[in-house]
Amino acid sequence: NLTKCDGTNYSVTDFTFETVRKIDFGAYFGSKFANSQILTFEEWVMLCKKLGMQIYVDHKTPYTNNILTDLYNIVKKCGMLNKATWLISNHSQATFFRTLDPNSRIAALAHPDESNIEIWKDIRDSGRGFAFNGNGKTATKEAIQLGLENGYEVEVWYVDFFENEEKTLQKIRELVNYGITGLTTDKYRVDEAFRYLLD
């Protein structure tokens, strides 16, 4: 009986895709989302294209060069290469990916520091760009400004980690004041997260 699955008891990797496709992924969030199916990666990319969105391709399982190549081919097939940012955790894979797509935009899952601002210079200076993309909980003013001063874009993720909205918005204001160039948030719409800018 797969009508109700609890993420603490099941993992999507325990099932075949055909089985996962039968699960209602929307009802948990409310009746208006009932009967929502999980998307394939290609369906997700095409949905983003239809909505005019940029995409961030983030690895939830470790990349291999074969996986990166497969994902690249799907994004290319969908005509979204110029709208994609690839979150990659190490320099060697970023170098490999640039052989697939010399014009790619890459983000490293790290904060800028004295050692990695040197390591990533070649990636920063090629393609459509490069950003450091570190955990919003551990981002510091010093790290953000170090990256910016050395010509890097500096983004953060996972900023919606406080128990109430005001604390989260306070943290977002702080990070924006430090100069971040991008922000990933799970729980708040952009106009809500940045409403203070309108004030």
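Within the stretch 44-68, how many residues turn out to be in a helix (DSSP H, G or I), more than 19 Å from residue 157 (Cβ to Cβ) and open to solvent by 40 Å² or more (accessible area, probe 1.4 Å)?
Initially, the stretch 44-68 is screened for residues in a helix (DSSP H, G or I), giving 44-50, 65-68.
Of the ones still in play, those that are also more than 19 Å from residue 157 (Cβ to Cβ) are 45-47, 49-50, 65-68.
Now narrow it down to the ones that are open to solvent by 40 Å² or more (accessible area, probe 1.4 Å): 46-47, 49-50, 65-67.
Residues meeting the conditions: 7.
Please verify whether residue 134 is buried (at least 21 other Cβ atoms within 10 Å of the Cβ), in contact with a His (Cβ under 9 Å, 6 or more places away or on another chain) and assigned to a helix (DSSP H, G or I), treating the condition exactly as stated. I'd like the intermediate steps shown before the answer.
On the way: buried (at least 21 other Cβ atoms within 10 Å of the Cβ): yes; in contact with a His (Cβ under 9 Å, 6 or more places away or on another chain): yes; assigned to a helix (DSSP H, G or I): no.
The answer is no for residue 134.
Out of everything in the stretch 144-156 that is buried (at least 20 other Cβ atoms within 10 Å of the Cβ) and free of Cβ contacts under 8 Å to residues at least 40 places away in the same chain, what residue ends up being farthest from residue 107 (Cα to Cα)? Lay out the reasoning, then the answer.
Taking the stretch 144-156 as the starting set, the residues that turn out to be buried (at least 20 other Cβ atoms within 10 Å of the Cβ) are 144, 147, 152, 154-156.
With free of Cβ contacts under 8 Å to residues at least 40 places away in the same chain added as a condition, the list becomes 144, 147, 156.
Numbers: 144: 14, 147: 13, 156: 10 Å.
Filtering the stretch 144-156 for residues that are buried (at least 20 other Cβ atoms within 10 Å of the Cβ) and free of Cβ contacts under 8 Å to residues at least 40 places away in the same chain, the one farthest from residue 107 (Cα to Cα) comes out as 144.
Taking the options 38, 23, name whichever one is touching a helix residue (DSSP H, G or I) at 6+ places or on another chain (Cβ under 8 Å) and either surrounded by fewer than 16 Cβ atoms within 10 Å (Cβ to Cβ) or not in a helix (DSSP H, G or I) (or both).
On the way: 23 fails: touching a helix residue (DSSP H, G or I) at 6+ places or on another chain (Cβ under 8 Å).
The conditions single out 38.
Go through the stretch 97-118 and give me each residue that's part of a helix (DSSP H, G or I) and within 28 Å of residue 52 (Cα to Cα).
From the stretch 97-118, those part of a helix (DSSP H, G or I) are 97-100, 116-118; that's our starting set.
Correct list: 97, 98, 99, 100.
Which is among the charged types (D, E, K, R), at pLDDT 95 or above and over 30 Å from residue 49 (Cβ atoms), of 121, 171?
It is 121.
The values are calculated or read from the model by the stated rules, or taken from the named source; none is laboratory data. Please read all numbers here as calculations on a predicted model, not as lab measurements. Glycine gets a Cβ as well: all are built from the backbone with ideal geometry, and neighbour counts include every protein chain shown. With ligands, DNA and RNA removed, areas are computed over all heavy atoms of the protein, side chains included. Shrake-Rupley method; radii C 1.70, N 1.55, O 1.52, S 1.80 Å.
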